[in-house]
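Participant: Questions regarding the structure given below will be posed in turn.
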Amino acid sequence: MRLLVLSSPNSWYLEDLRRAAGGRHEVCCAAFDQISVSMDATGAPRVTSGRHNLSDFDAVLVRTMPPGSLEQVVFRMDALGQLERSGVVVLNPPRGIEAAVDKYLATAKLQAAGLRTPRTMVCQSVDEAMEGFRRLGGDVVVKPLFGSEGRGIARVEDEAIALRVFKTLEQLDAVIYLQEFLPHQGFDIRLLVIGDRVLAMRRLNSNDWRTNVSLGATTEPIEPDNTLVDLARSAAAAVVAPFSGVDILPDRGGQLYVLEVNAVPGWKALARTLQADVAAMVLDYVQGLLLAKLPVDIQPDDY
């Protein structure tokens with residue numbers, strides 16, 4: 001199998017995939033922000049990044065989402081969409097990445113799928129945000145519409161501070177995304193969905209209400225029960241991200257809330273916590289997707 005990873009050349013995940021691939025697979029790297037597309041009058045579009053023609057690979061794994069203008073982000077997703085339509089396996093599918101990276105759209109899809117999420121208010125003006133602040137109980141989590149790993153997230157419990165925060169966001173032409181703060185048990189659960197397989201760990205942080213490992217949380221392995229597995233699979237399916245990280249928060253009453261679906265999930269902490277070769281699982285999953293598309297006269301050993 002020839003796999004192209006859209007990532008930084010210094011990415012730990014790229015090296016982990018290469019380690020797991022050994023001599024079985026070829027793993028190359030290309031930059032998302034160097035993607036270009038050539039189109040002539042009759043031929044199929046040619047999607048490239050640097051020296052790599054992406055159509056020459058069996059699969060493309062999206063391992064980063066670099067910041068960019070709206071035009072750049074839309075173009076990158078459109079280019080991946082063209083590549084997918086040409087027969088290259090793209091993981092995650094572009095429409096899944098688009099949905100997961102947009103917290104508003106992801107929340108809407110999770111709710112449409114019947115999954116429990118925190119009460120949410122999304123608006124563009126200070127007045128509406130203040131109304132939402134009060135309606136959500138005067139204790140909210142303010143999140144950037146785009147972002148991950150806890151960056152840019154703040155808990156706001158004071159009305160005067162809320163007013164200042166919302167005014168700043170309005171001046172920045174930002175969409176204001178609020179969710180009710182859910183009192184919880186001091187931990188959340190990260191589930192990694194790799195097709196039908198679901199891995200899980202508990203994340204705890206005694207010094208911060210946020211449980212991101214990047215912000216100092218500790219982890220411990222858990223064996224997910226059927227309820228957690230079903231929730232994770234349903235959340236991944238709702239945003240069309242078959243390889244995803246799903247964050248679930250049990251509140252103090254034991255109710256389970258889906259907080260987020262990450263379509264560019266990391267697995268460094270999970271692999272360490274579970275003592276599992278997650279990179280090998282990812283490669284096996286991608287290879288399985290390829291084999292499912294092959295004619296019967298092509299054998300798995302060919303890959």
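Participant: Residues in the stretch 210-239 that are modelled with pLDDT under 95, buried (at least 18 other Cβ atoms within 10 Å of the Cβ) and of a type in the set (A, V, I, L, M, F, W, C): how many?
Facilitator: Going through the stretch 210-239 one residue at a time, the tally reaches 2.
Participant: Still on this structure: How many of the residues making up the stretch 244-266 are surrounded by fewer than 23 Cβ atoms within 10 Å (Cβ to Cβ), over 25 Å from Val140 (Cα atoms) and in contact with a Phe, Trp or Tyr (Cβ under 8 Å, 6 or more places away or on another chain)?
Facilitator: Final tally of qualifying residues: 1.
Participant: Next question, about the same structure. Do the conditions hold for Glu157, that is, is it acidic (Asp, Glu), over 15 Å from the mean Cα position of the chain (by Cα) and not assigned by TED's automatic domain parsing to the domain that holds Ala237?
Facilitator: Against the criterion (acidic (Asp, Glu), over 15 Å from the mean Cα position of the chain (by Cα) and not assigned by TED's automatic domain parsing to the domain that holds Ala237), Glu157 qualifies.
Participant: If you don't mind, there's one more thing I want to ask. Specify the residue that is surrounded by the fewest Cβ atoms within 10 Å (Cβ to Cβ); the eligible residues are those in the stretch 162-199 that are closer than 30 Å to Lys268 by Cβ and among the polar types (S, T, N, Q).
Facilitator: This residue is Gln185.
Participant: A follow-up question, please. Only one of (1) at pLDDT below 95; (2) closer than 29 Å to Ala280 by Cβ; (3) surrounded by 14 or more Cβ atoms within 10 Å (Cβ to Cβ); (4) not basic (Lys, Arg) is not met by Gln82, so which one is it?
Facilitator: Gln82 satisfies all of (1) at pLDDT below 95; (2) closer than 29 Å to Ala280 by Cβ; (3) surrounded by 14 or more Cβ atoms within 10 Å (Cβ to Cβ); (4) not basic (Lys, Arg) except (2).
Participant: In the stretch 48-73, which residues are touching an Asp or Glu at 6+ places or on another chain (Cβ under 8 Å) and part of a helix (DSSP H, G or I)?
Facilitator: Listed by number, the list holds a single entry, Gln72.
Participant: Right, something else. Looking only at the stretch 1-22, count how many residues are closer than 15 Å to Trp267 by Cβ and buried (at least 21 other Cβ atoms within 10 Å of the Cβ).
Facilitator: So the count comes out to 5.
Let's see how each residue does on (1) surrounded by 19 or more Cβ atoms within 10 Å (Cβ to Cβ); (2) at pLDDT 95 or above; (3) within 27 Å of Arg2 (Cβ to Cβ):
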residue: Asp102; (1), (2), (3): no, no, no
residue: Lys109; (1), (2), (3): yes, yes, no
residue: Val126; (1), (2), (3): yes, yes, no
residue: Leu136; (1), (2), (3): no, yes, no
residue: Gly147; (1), (2), (3): no, no, no
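Participant: Of a type in the set (A, V, I, L, M), within 19 Å of Thr211 (Cβ to Cβ) and over 20 Å from the mean Cα position of the chain (by Cα): does that describe Val140?
Facilitator: yes
Participant: Please enumerate the residues belonging to the stretch 23-67 that are at pLDDT 90 or above, surrounded by fewer than 19 Cβ atoms within 10 Å (Cβ to Cβ), among the small types (Gly, Ala, Ser) and touching a helix residue (DSSP H, G or I) at 6+ places or on another chain (Cβ under 9 Å).
Facilitator: Across the stretch 23-67, the qualifying residues are Ser36, Gly50, Ser55.
Participant: Within the set of pairs 6+ apart or on separate chains, which have a first residue in the stretch 1-25 that is assigned to a helix (DSSP H, G or I), a second that is surrounded by 12 or more Cβ atoms within 10 Å (Cβ to Cβ) and among the aromatic types (Phe, Trp, Tyr), and C-beta atoms under 9 Å apart?
Facilitator: Tyr13/Trp267; Asp16/Trp267
Participant: Taking the condition at pLDDT below 95 and outside the structural domain of Ala241 (by TED's automatic domain parsing), does Glu71 pass?
Facilitator: Yes: the conditions hold for Glu71.
The values are calculated or read from the model by the stated rules, or taken from the named source; none is laboratory data. Predicted model only: the values in this text are computed from it and were never measured. Positions of Cβ are backbone-derived with ideal geometry, glycine not excepted, and every protein chain shown enters the neighbour counts.
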